[in-house]
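Nothing in this text is a laboratory measurement; each read-out follows from the coordinates by a stated rule. Note that this is a predicted model, so its numbers are computed, not measured. Note: ideal-geometry Cβ built from the backbone for every residue, glycine included; neighbour counts use all protein chains shown.
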Amino acid sequence: MTPTIHIKPIQEASLTALRALFKKQNAHQHKLEPKLRHFSDEGIDTYIARLKDAERDVIEVRDSNNAVRAAAVLGVLEYPNDSSMLALFPKRCGVAPLLSLPSPENRAEQQESMELLFKTAEDYWQDKGATGAVVSWVAHDPWLGTVLEPRGFLAYSTNAVRDLDLPLRAAQPKGDLDLRPAKSADEDLLVQLLVDEMAFHEGITPFDKVVPALATDARDRLTKVWAGQGLEDGASLFWVAEEQGDVVGMIEVTLSDLRNTWNPLAAGRYGYISAVMVAASQRGQGVGRALLEAAFKALEDYELDAYSLHFIIANPLSSRFWQSHGFQPVTLSYQKRYAVSTSRKQ
């Protein structure tokens, strides 16, 4: 029998089914990938209650017995016109802050339910004026892609994690390369390198674009560094690689505290690699690895649980580089854009 679909605000009657679905799903995914957070019952209750208080809507897929087999909590994020997030995401972005999908043993028979759920989700997002949508899932559980990709979603980015004690891949260092913390005289060049990185992405993904806020935000972060603020103050750490006095690469890192968040990564403090940029003429010569090693050494004095970063899947340079240096994908984000003049996609 064809499943039925319901869209409504999260209500008390929905909470038990949502909890049960998500708890089972979280246990399965944590078994697949221990670097994911294993949520406690209390944590699940707290988060669902927070979504309910925020008056989020939920899609429920029910079977012939009226039992909830899958659910998705939906919303639309709107970024300000001067936000650097517009370099990556649409201005009005459809999101699903909670997905509770069928258990692994039932997925083949639940394909119709999933197609119905995401068609309904896309109709919902577009009716709310979204110009695109992002859906995140577990990298080691690629099943969701078989539902999203036929609907025009593309695997966009991954959140990858590296253990602290994993040795770096051996490499012959460049003998004429000098590594040092960035200084204020480097600012214009560092900003240009960060903008150039996004410009490079423009040619390989339909989503990324250069926006003015990229340079503005970069200068704001650098201003904090020049003022003497450190990682524990929420500032970034910038290192550069020089060859014969010319800056040929840079790395930016921050501290990311995920101990009291709903982030899917395991709770802990992470050294987050925000950006690495190497001049085109220097790629493949060990500059990126040298910068990474310098960042790891600079982070040794901080109590960390792991390193993390995001990289764009369509970028062959970053995909190859990060995985070869021990960063393993943990979550995967799919993205799709909608034509502004179209109110609904089938």
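Of the candidates 281, 136, 40, which one comes out as most mobile in a Gaussian network treatment of the chain with C-alpha springs shorter than 10 Å?
Among 281, 136, 40, the largest GNM mean-square fluctuation belongs to 281.
Fewest to most neighbouring Cβ within 10 Å: what's the order for 125, 239? Please list the in-between numbers first.
Details: 125 25, 239 21.
Least to most surrounded, the residues fall as 239, 125.
Going by average Cβ density within 10 Å per residue, which order do the peptides 79-86, 284-291, 244-251 take, highest to lowest? Write down the numbers at each step before the final one.
Values: 79-86: 14.0, 284-291: 19.9, 244-251: 17.4.
Highest to lowest by the protection proxy: 284-291, 244-251, 79-86.
What is the spin-label model distance, in nm, from residue 38 to residue 66 if the labels are put 7 Å beyond Cα along the C-beta direction?
According to this spin-label approximation, the distance is 3.7 nm.
When all C-alpha to C-alpha distances in segment 1-58 are sorted into bins of 10 Å, what percent of pairs does each bin hold, rounded to whole numbers?
21, 44, 28, 7
Among the aspartates and glutamates, which fall within straight-line cross-link reach of residue 209, defined as a Cα-Cα distance under 16 Å, with same-chain neighbours fewer than 8 residues apart omitted?
Partners found: 82, 196, 197, 217.
Give the long-range amide H neighbours of residue 98: residues separated by 5 or more places, or on another chain, with amide H under 5 Å away, using H modelled in the peptide plane at 1.01 Å from N.
Amide H neighbours of residue 98, under 5 Å, 5+ apart: 73.
Taking θ = phi - 60°, what integer Hz values does the Karplus form 6.51 cos²θ - 1.76 cosθ + 1.60 yield along segment 193-209, in sequence order, with x for Gly and Pro?
4, 5, 5, 4, 4, 5, 4, 5, 5, 4, x, 10, 9, x, 9, 6, 7
Helix-derived [θ] at 222 nm for the chain: sum -39500 (n - 2.57) over DSSP H runs of at least 4, divide by residue count, nearest 500? Don't jump to the answer; show the numbers that get you there.
Working: 8 runs with 107 residues, N = 346.
Result for the chain, helices only: -10000 deg cm²/dmol.
Equivalent ellipsoid semi-axes for the chain, as square roots of 5 times the alpha carbon gyration tensor eigenvalues: give them largest first, rounded to whole Å.
Here the semi-axes work out to 39, 22, 19 Å.
Can you pick out the pairs among 91/128; 23/336; 91/224; 8/128; 91/336; 8/91 whose Cα atoms lie more than 19 Å from each other? Please list the in-between numbers first.
Numbers: 91/128 13 Å; 23/336 28 Å; 91/224 27 Å; 8/128 14 Å; 91/336 13 Å; 8/91 25 Å.
23/336; 91/224; 8/91, as the Cα separations exceed 19 Å there.
What Kirkwood Rh does segment 19-90 have if only Cα atoms enter the pairwise 1/r average? Answer in Å.
Details: mean 1/r = 0.0672 Å⁻¹.
Result for segment 19-90 stands at 14.9 Å.
Less than 17 Å apart at the alpha-carbon level, and either on another chain or at least 8 residues along: which aspartates and glutamates does that give for residue 24?
33, 41, 42, 45, 60, 105, 141
May I ask you to derive the FRET efficiency for residue 23 and residue 176 from their Cβ-Cβ distance with R0 = 45 Å, giving the value to the nearest 0.05? Show your work: numbers first, answer last.
Values: r = 56 Å, r/R0 = 1.24.
The formula returns an efficiency of 0.20 here.
Residue-wise, which Karplus ³J(HN,Hα) couplings in Hz belong to segment 61-73, taking 6.51 cos²θ - 1.76 cosθ + 1.60, θ = phi - 60°, and x for glycine or proline?
Values, residue by residue: 9, 10, 8, 5, 8, 6, 8, 6, 9, 7, 8, 9, 8 Hz.
Apply the Karplus curve 6.51 cos²θ - 1.76 cosθ + 1.60, θ = phi - 60°, to the phi angles in segment 155-166 and return the couplings in whole Hz, x for Gly and Pro.
Running phi through 6.51 cos²θ - 1.76 cosθ + 1.60 with θ = phi - 60° gives 5, 9, 9, 10, 9, 10, 10, 10, 5, 5, 8, 6 Hz.
What is the distance in Å between the Cα centroid of segment 133-169 and that of segment 22-37?
15 Å
Can you divide the C-alpha Rg of segment 140-248 by 2.2 N^0.38 Å and report the result to two decimal places? Intermediate values should be presented prior to the final figure.
Numbers: Rg = 18.5 Å, N = 109, 2.2 N^0.38 = 13.1 Å.
With N residues counted in segment 140-248, Rg over 2.2 N^0.38 Å equals 1.41.
To the nearest µm²/s, what D does Stokes-Einstein give for segment 89-163 at 37 °C and 0.692 mPa s, using the Kirkwood radius over alpha carbon pairs as Rh?
On the way: Rh = 13.6 Å.
It comes out at roughly 241 µm²/s.
Once amide H atoms are built 1.01 Å from N in the peptide plane, which residues 5 or more positions from residue 36, or in another chain, come under 5 Å H to H?
HN-HN under 5 Å from residue 36: 266.
Per the Kirkwood definition applied to all pairs of different Cα atoms, how many angstroms is the hydrodynamic radius of segment 186-340?
Values: mean 1/r = 0.0596 Å⁻¹.
Radius from the Kirkwood sum: 16.8 Å.
Would you mind telling me the antiparallel percentage of the DSSP bridges in the chain, rounded to 5?
Details: 61 of 68 bridges.
That works out to approximately 90 percent antiparallel.
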